[in-house]
1. So is Phe108 aromatic (Phe, Trp, Tyr), at pLDDT 95 or above and under 28 Å from Lys4 (Cα atoms) or not?
2. Taking region 71-113 only, how many residues are surrounded by 14 or more Cβ atoms within 10 Å (Cβ to Cβ) and in contact (Cβ under 8 Å) with a residue 60 or more places away in the chain?
3. Could we say that Ser74 is at pLDDT below 95, hydroxyl-bearing (Ser, Thr, Tyr) and either closer than 26 Å to Thr31 by Cα or within 10 Å of the chain's Cα centre (by Cα) (or both) here?
4. Which one is nearest to Thr107 (Cα to Cα), of the residues in region 1-35 that are hydrophobic (A, V, I, L, M, F, W, C), modelled with pLDDT under 95 and in a helix (DSSP H, G or I)?
5. Being more than 27 Å from Ile112 (Cβ to Cβ), surrounded by fewer than 16 Cβ atoms within 10 Å (Cβ to Cβ) and not β-branched (Val, Ile, Thr), is that true of even one residue in region 9-19?
6. Could you say whether any residue in region 52-61 is at pLDDT below 95, part of a helix (DSSP H, G or I) and either of a type in the set (Gly, Ala, Ser) or crowded, with 16+ Cβ neighbours inside 10 Å (or both)?
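The values are calculated or read from the model by the stated rules, or taken from the named source; none is laboratory data. The structure displayed is predicted, hence computed values, not measured ones. Note: ideal-geometry Cβ built from the backbone for every residue, glycine included; neighbour counts use all protein chains shown.
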Amino acid sequence: MKIKKKIILFLVSLLLTLLFLRISLSFFPSTNLTIGSYNIHHLYLGSFLIIIAVILLLFEIVNTIVVIVSGLSSALILDELIYLIATDGSDVSYLSTVSLTGTLIVTFIILIMIGFLYYGKFVKKRNKK
């Protein structure tokens, strides 16, 4: 699979997942995955899925599903990273400016990192030829 296709699949799955999470949880802010007395944040689900994706990548299994799961799981993690660090973790604080701004900032950092890596590794190399 070409790098450009991998990047597009990753970014589309990441951004669509973030949009879905933010929109759905703004309409239904009290939606929680609760097992027994445990509130399972989507950060934990994302962490589990990214571990599976990394294991598959270790064995050089790189296909559409692995790339999409990587983007999806990254979004699950990025969406709650600042929220759980900088707020009290309540349903109300998920919708706060701090939570949304934090998600936007860390996502923007990831987008810039991907852009720089792509440009540095592939665009510069292609222009040298």
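1. So Phe108 passes the test.
2. The number of residues fulfilling the criteria is 11.
3. no
4. By that ranking, first place goes to Leu25.
5. no
6. Within region 52-61 (the criterion being at pLDDT below 95, part of a helix (DSSP H, G or I) and either of a type in the set (Gly, Ala, Ser) or crowded, with 16+ Cβ neighbours inside 10 Å (or both)), the answer is no, since none of the residues qualifies.
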